[in-house]
Amino acid sequence: MALYEHVFLARQDVTAQQVEAMTETYKAVIEQHGGAVTKVEYWGVKSLAYRIKKNRKAHYALFNLEAPSAAIVEMERQMAINEDILRFMTVKVDALEEGPSAMLQRRDRDERDRGERGDRGDRGDRGDRGPRRRDRDEGDGAEGASEEFN
């Protein structure tokens with residue numbers, strides 16, 4: 001059997017539980033046609049590079065599949081019918097990736113880095129901003145301007 005990586009994007013207004021139900025549905029389709037789903041990853045809600053069907057964000061999910069082409073065709077046919085699926089892509093690969101995908105590794109690394117330095121990160125040697133405008137002017141600018149011209 002051939003090896004595939006499959007990614008699909010679901011509308012942002014469906015819940016994570018509904019996306020999980022979709023993954024189970026498509027996993028069942030693959031298994032009914034004699035294939036196997038070796039890995040399922042939910043990547044979360046991410047921004048899209050451009051609008052797709054009036055959506056700016058989408059739920060991303062990845063499947064690693066070992067299946068005959070008939071199973072892939074049937075899964076893609078059902079995804080095309082589903083209104084909650086914005087896009088999908090299946091790529092035939094020579095070998096399936098073991099462990100977490102690059103997207104999950106990146107998310108884990110980002111969470112670790114954010115935890116070490118707080119939400120805003122290290123601000124370095126920026127120094128103090130100095131006095132605020134109101135502190136410099138000592139009152140509003142209208143009073144100073146009218147006294148100057150009188």
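We did not get these values from a lab; they are worked out from the coordinates using the rules stated. Here the structure is a predicted model, which is why all the values come from computation and not from measurement. Backbone-built Cβ (ideal geometry, glycine too); neighbour counts: all protein chains shown.
What is the fewest-to-most order of 88, 8, 63 by other Cβ atoms lying within 10 Å of their Cβ? Lowest to highest Cβ neighbour count: 88, 63, 8.
When every Cα-Cα distance of segment 2-95 is counted in 5 angstrom steps from zero, the calculated P(r) takes the values 3, 14, 27, 25, 17, 10, 4, 0 percent.
The ranking of 113, 125 from fewest to most other beta carbons within 10 Å of each one's beta carbon is 125, 113.
Computed 3J(HN,Hα) for segment 18-35, one whole-Hz value per residue from the Karplus formula 6.51 cos²θ - 1.76 cosθ + 1.60 where θ = phi - 60°, is 5, 5, 4, 5, 5, 4, 5, 4, 6, 5, 5, 4, 4, 5, 5, 9, x, x, glycine and proline marked x.
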